[in-house]
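Remarks on the structure that follows.
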Amino acid sequence: MIFKNLNDLSNLELTNLLDRMGEIQDVVPVVSDILKDVKKQGDAAVRLYTKKFDNIEIDVIEVDQESINESLLQVDPEIIEHLEHAASNIKTFHKAQLGESQWFMESSPGITLGQKTTPLAAVGAYVPGGRAVYPSTALMTVIPAKVAGVRNVIVCTPPGPDGINPLTLAAAHIAGADHIYQVGGVQAIGAMAYGTETIPAVDKIVGPGNVYVTAAKMLVRDHCEIDFPAGPSEVLIIADETADAEFIAIDMIAQAEHDPNAVSVLVTTSEKLAYQVRDFLTEMIKTANRKDIVNQSLENAALIVADSLQDCIDFSNRFAPEHLEIMTNDNSRVLNDIINAGSIFLGKYTPVSAGDYASGTNHVLPTAGYGRIYSGLNVDHFVKKSTIQQISKEGLEGLANTIISLAEAEGLNAHAEAVKKRLI
C-alpha cells in the first residue's frame, strides 16, 4: 500500500495508479486462441474450455425452465423479496433515462427533422461467477436492456459443479432474461459474439468480468458491439478532515474483497484522517471474511495526502475512477468540478454498496480510467438512433444553392443534379 503526499509520488507509483489496464495485453494471445476455437467449433469448444478451465462437464448448455423454477424454490423467500425490491429500484431509475422514442422539429420552413429510437434486437449479458456469486449483476445488465425494449436478452454465467448458483438463476429470471446459458469465461464471450449451435449471436455484449473476459470483449468488437472494458473493481474516495475514517476504511475493504486486482484509493487534505484510515484498515483486515483476497488487493491501495481539495479533484479526474465517493464539507462544490467518474456517491451515508445492490443506479461501470470516455451502463447502451428528415419543395428551394455549391466544390456533381432535377 502506498502512503504518501501527492507531491512525493514517484513517476512509477503514479504510472501504476493511473495505468490500470496493463494486464490486458498479457492475456491477449491465449484469449485470441480460445475465441478462434469457439468461432470454428461452436458448442464443442464451449464444452472443451469449460472442462479445461472450470473442470466442469456441461451436457446441456441452456438452462431449462424447470431448473429456473427449482432455483426460485431453493432461494430463501426473504432473499427473493430483496431481489425484487432491488429490481424495482433499478427499473424505476432506468425508466427515467428513457427519452422520446420519436420526435420531430421544423428547423426552417418546409424542413422537418426528427429522430427515431429503436432497441437492439438481441443483447448478451455476462454475469461473472467464480470467487463470488453476483446475482446483482444479472439485475444490472438485464433490466436496463428490457426497459430499453430489447426483445431477446440472453445471460451467460459460469456453472459450478451443480450448475448455475440458484441465486444467480433466480435473479436472471426476476430481471426478465429470455434465455440463460451455463457457460462463462472467454468461451461465453466468443459464443455470444459468433453464435454456436445453441447460443445465438447477439448485437451487443454487456457486463463485467476478469481480465480474460475483458480482453475477449475487446477482441470481438469487429463482430458485435460491447458496452466498454469493465475489469477489476476500483474506488477512489475524496475526503477532508470532516470525513469519518471508519466509513472510509470499510468502503476500501468492501472494494478490496471483490478481487485481488481491485484498487482502493483515498486522496485527502487531512494527514490525520489518512493515518486514522490506515489504522482502521489494519484492524479490519484481521476479521475480513475474504482475508487473503483483501490482503492481496490492498497491496494495490493508496492513501494519498494532497495540499488542497482542488488537488484531490484534479487527481481524481486523472484517475477517472469506476466509483467515486465524496466525503467533504462541500460535496456540491467538489461534484461540480468532477469530469471523469463512472458513478458518484455523495456524503457519508452513501456507500458504494448502495449502488452495487439496491439504490437503482447501475453498477456496471467503466474501470481502468475508461471513465474518461465511457458512461456507465444505461438504457442508451441498448438502443440505436436514426435521424429523420422530410423536406417540401419550398424547403428544398431554401437549401438548394448551399447543397449545389458544396456538392460541386467536392466534385460530386450527381449530388447537385439530384437537387436541380427536383426544382426544374
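Derivation of every value follows stated rules applied to the coordinates shown; laboratory data play no part. Remember, predicted model here, so these are calculated numbers, not experimental data. Methodologically, a virtual Cβ is constructed for each residue, glycine included, from the backbone with ideal geometry; neighbour enumeration extends over all protein chains shown.
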The residues 339, 180, sorted from fewest to most surrounding Cβ atoms within 10 Å, come out as 339, 180
For the cross-link pairs 36/385; 146/385; 385/420; 91/348; 36/204, which exceed 21 Å when the distance is taken from alpha carbon to alpha carbon?
36/385; 385/420; 91/348
Choose one of 220, 83, 346: the residue whose Cα lies farthest towards the positive end of the charge dipole of the chain (beta-carbon charges +1 Lys, Arg; -1 Asp, Glu; about the Cα centre).
220
Calculated semi-axes √(5λ) of the Cα gyration tensor in Å (choose from (1) 40, 32, 21; (2) 42, 22, 19; (3) 33, 26, 25), label:
(1)
Listing 179, 173 by rising number of other beta-carbon atoms within 10 angstrom, fewest first, gives 179, 173
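In what sequence do 48, 412 fall when counting other Cβ within 10 Å, fewest first?
Ascending Cβ contact count within 10 Å gives the list 412, 48.
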So, in Å, what gap is there between the alpha-carbon centers of segment 295-350 and segment 5-46?
25
In terms of Cα to Cα distance under 13 Å, which aspartates and glutamates are near enough to residue 4, apart from those fewer than 8 places away along the same chain?
13, 271, 307
In debye to the nearest 20, the charge dipole size for the chain, taken about the Cα centre with +1 at each Lys and Arg Cβ and -1 at each Asp and Glu Cβ, equals 1260
CD proxy at 222 nm, helix term only [per DSSP H run n ≥ 4: -39500 (n - 2.57); per residue of the chain; nearest 500]
-14500 deg cm²/dmol
Put +1 on the Cβ of every Lys and Arg and -1 on every Asp and Glu Cβ in segment 24-226; which of 177, 189, 28 then has its Cα farthest towards the positive end of the dipole?
28
About the Cα centre of segment 24-226, how large is the charge dipole given +1 on each Lys and Arg Cβ and -1 on each Asp and Glu Cβ? Please answer in debye to the nearest 20.
700
What's the ranking of 212-220, 94-102 by average number of surrounding C-beta atoms within 10 Å, highest first?
212-220, 94-102
